[in-house]
1. Short version: ³J(HN,Hα) in whole Hz for each residue of the stretch 43-56, in order, from phi by Karplus 6.51 cos²θ - 1.76 cosθ + 1.60 (θ = phi - 60°), x for Gly and Pro, what are they?
2. Using the Cα centre of the chain as origin and beta-carbon charges of +1 (Lys, Arg) and -1 (Asp, Glu), tell me which of Leu290, Ile3, Ile536 is placed farthest towards the positive end of the dipole.
3. Classify the stretch 80-222: rounded, prolate or oblate, from the alpha-carbon gyration tensor (a ≥ b ≥ c, eigenvalue square roots; a/c under 1.5 rounded; otherwise prolate if a/b is larger than b/c)?
4. I'd like the carbon and sulfur percentage of the solvent accessible area for the chain, probe radius 1.4 Å, heavy atoms only, ligands and nucleic acids excluded.
5. When only DSSP loop residues count, what trypsin sites (Lys or Arg not before Pro) in the stretch 1-70 have their Cβ near at most 15 other Cβ atoms within 10 Å?
6. Taking the alpha-carbon distance from Lys476 and a cut-off under 20 Å, which lysines remain once sequence neighbours fewer than 8 residues away in the same chain are dropped?
7. Search the structure for amide H atoms under 5 Å from the amide H of Val272, placed 1.01 Å from N in the peptide plane, and list their residues when 5 or more places away or on another chain.
8. Would you grab the residues whose amide H sits under 5 Å from the one on Gly298? Only those 5+ places off in sequence or on another chain, please, with H modelled 1.01 Å from N.
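The values are calculated or read from the model by the stated rules, or taken from the named source; none is laboratory data. Keep in mind that what you see is a predicted model, and the values were worked out from it rather than measured. Using ideal geometry, Cβ is built from the backbone for each residue, glycine included, and neighbour counts are taken over all protein chains shown. Keep in mind that these areas ignore ligands, DNA and RNA; they rest on the heavy atoms of the full protein, side chains included. Shrake-Rupley method; radii C 1.70, N 1.55, O 1.52, S 1.80 Å.
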Amino acid sequence: MKIIHNRLKAWVEEMARMCGPDKIIWIDGSDTEKSRLEKEAFSTGEVIQLDQNKLPGCVYHRTAINDVARTENLTLICTKKKEEAGPTNNWMAPEDAYKKAGTYFKGAMKGRKMYVIPFSMGPVGSPFSKIGIELTDSIYVVLNMRIMTRIGAPVLKVLGADGEFTKCLHSKADLDINRRLILHFPEDNTIWSVGSGYGGNVLLSKKCLGLRIASFLARKEEWMAEHMLILGIEKPDGKIDYVAAAFPSACGKTNLAMLIPPEGLKSKGYKVWTVGDDIAWMRVDSDGALWAINPENGFFGVAPGTNTKTNPNAIKTVGKNTIFTNVLLKDDKTVWWEDGEGDAPSGGTDWKGNPWKPGMKDKDGKVITGAHPNARFTAPINQCPSLSYRVEHHHGVPISAIIFGGRRAHLAPLVYESFNWQHGVYVGASMASERTAAQFGKQGEVRRDPMAMLPFCGYHMGDYFKHWLRMGKIIKKQPKIFHVNWFKQNKDGKFLWPGFGENLRVLEWIIDRCNNKVDAVKTPIGYLPNPKDINITGLDMPKENLEELLKIDKDEWLEDIKNLGEFFKKFDKKLPKEIEKEYTALKERFNKQK
Ligand code: OXD
Ligand code: MN
């Protein structure tokens, strides 16, 4: 490949001098290149080929045992001023960070190849898109980036001789957790990741560029980079409304993004179209509306828990051309994971590479799972049966509603609508989720996670709230803002709402509100549905559940508001006065209530 971009060439050479690879290989994105890389990875065992009849184009990979999830404590924002990163990010001065990581990168690629991956976030050449170049010593990373982004020669062509790009450097180095760092230099448009091989730390397009660097650029350039899925809801009359929804990790975003309408709604003609499951980049277009693209081109989804009941479209999506990471490898060279398809196989090799049988226990009597709870599939978006026809559209889709959500056993009702944009920003800022058994920490503990961006905002969250408020002034046709909670429980700890495909019934109300089709009840927290307006026909759910789901408990809310107040104190003077105002107003609305 002839490289005409001198700045790019010089940067690659400089990084190569530091990392010392034996060879530099420019990735063109072709199929021949893919076969060559796979063959090499099969020969070293980095990647294992699966049964090509049952799982055509699929491969398997195991990460190191201590390298199975994002490491937030080793993830840093490196801005000149500490204040710019804010109280919710880890920070290091750029000079110190480059120096420290530089010692880990030094010679780290000796005996290895350095792959240069040009990638586009968003459709190639779209005015919504950004270009990144990732340098890596991992074939696994190259194969993943092929699926997760649009890569290779067409991207370099758009970049031209002088285009802007995010400089992304990755090396597995020695996979030593004590020499692992995920560094973001937003002021330099640069990411350095060293010492890890886990997707969220090393597919630098995803959380690193897609959210942390992008959120920083978005503030500067007046757009929004959000941790949101995007889906289209087609009504029987053929009109499609698009929504963008933010949920903290482990709240079922991928399932919602690929939702299949329940039979009753499907037969009426409802359809759901998937645009994205994790990241939305949104801009105000010339019509004054907010338009969103999915900057990614694939899914990096959690495998355990994914089955034909929870997410049939995901199961269809991962049937070919998919990379499975840290799941159970069956003896017949297919894969399985807990709460997946069918019963556990009689045996196989677990995610650690050990022989496995169902029911095996460790020395403390704990069941050994075949797949790691954070095992993943990497699958091309165009294999999703519910794929929206607009994914390659350069301006994406117009957003009618923004939805925030969390996992709350009590407190938050099934759904409510904010009074206006400013109140909606407050609702997003007050988002929280309770820890599940799958997460580290005390179960049931409330974790505040504004807009689901706490681990992903590349700058001070107080300034981020300000940016949201400012965007409200720029967007002429503002989407309405909602909050949902699929996880409310009764006194016996049973879920009140069936969830999954049935969530479309709630989305239906949301879309009706956006199109001024239904009234709502004004409450201290926002507008709630009249119970009759949530369509529950054909749903096997006691009627009282809906009442319970729409109930607001004043004491619970006042308690939660206190907890939120403590959280907001973190932002000190940077908490916008508009958010403070909304906080006080909510308290007053409750206190005025008899
Ligand atoms: C993810 C996450 O992996 O949000 O998408 O943690
Ligand atoms: Mn995510």
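1. Result, rounded to whole Hz: 5, 8, x, 4, 9, 10, 7, 8, 4, 6, 7, 7, 10, x.
2. Ile3
3. Details: a/c = 1.85, a/b = 1.10, b/c = 1.68.
Note, shape of the stretch 80-222 comes out oblate.
4. Details: 12350 of 24330 Å².
Answer for the chain: carbon and sulfur cover 51 percent of the accessible area.
5. Details: sites: Lys2, Arg7, Lys9, Arg17, Lys23, Lys34, Arg36, Lys39, Lys54, Arg62, Arg70; in loops: Lys2, Lys54, Arg62, Arg70.
Taking the stretch 1-70 and a limit of 15 other Cβ atoms within 10 Å, the loop trypsin sites (Lys or Arg not before Pro) found are Lys2, Lys54.
6. Lys220, Lys466
7. Distant-sequence amide H within range of Val272: Glu234.
8. Amide H to amide H, under 5 Å and 5 or more residues apart or across chains, Gly298 pairs with Ile381.
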